[in-house]
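Student: My questions will all concern the structure given below.
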Amino acid sequence: MLTPKYPPQDTAPPAADPAPQPSTPAPAVPAPAVPAPVSNRPTVQLTPGSALALATGGGVVVLVVGAVLVSMLLAVAITGVSVAVVAVVLRLLVKDLQRGR
């Protein structure tokens, strides 16, 4: 479950160990640039339809998450107001009991 998953290794043959050569000074001309190795992983290409579906799905997710957060905020606000009303009523009842009514 928590073990890492490594991608498959490239199928290039391993490089052979060259024979040790005597040390020589570096050439004055830089070596030519070697092109980057080509990855064998598939690339994702978005068509206009799939891009529209992706944007629509993202918008729906944002709206649903926003609605849930707003409803939670309203629940907390309503609970706070009701607790405040109950506190005022209890305070009035206790005050009436202390007066002896």
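Student: Going by what's in this entry, would Val86 be described as surrounded by 10 or more Cβ atoms within 10 Å (Cβ to Cβ) and either closer than 30 Å to Pro8 by Cβ or at pLDDT 80 or above (or both)? Before the answer, list the steps.
Tutor: Working: surrounded by 10 or more Cβ atoms within 10 Å (Cβ to Cβ): yes; either closer than 30 Å to Pro8 by Cβ or at pLDDT 80 or above (or both): yes.
Yes: the conditions hold for Val86.
Student: Output the qualifying pairs, or none if there are none: Cβ atoms under 7 angstrom, residues six or more apart or on different chains, first residue in region 5-17 and within 10 Å of Asn40 (Cα to Cα), second residue at pLDDT 75 or above and surrounded by 10 or more Cβ atoms within 10 Å (Cβ to Cβ).
Tutor: Every condition considered, no pair remains.
Student: Given the residues Ala26, Ala55, Ala51, which is the only one that is at pLDDT below 75 and aliphatic (A, V, I, L, M)?
Tutor: The conditions single out Ala26.
The values are calculated or read from the model by the stated rules, or taken from the named source; none is laboratory data. Predicted model only: the values in this text are computed from it and were never measured. Methodologically, a virtual Cβ is constructed for each residue, glycine included, from the backbone with ideal geometry; neighbour enumeration extends over all protein chains shown.
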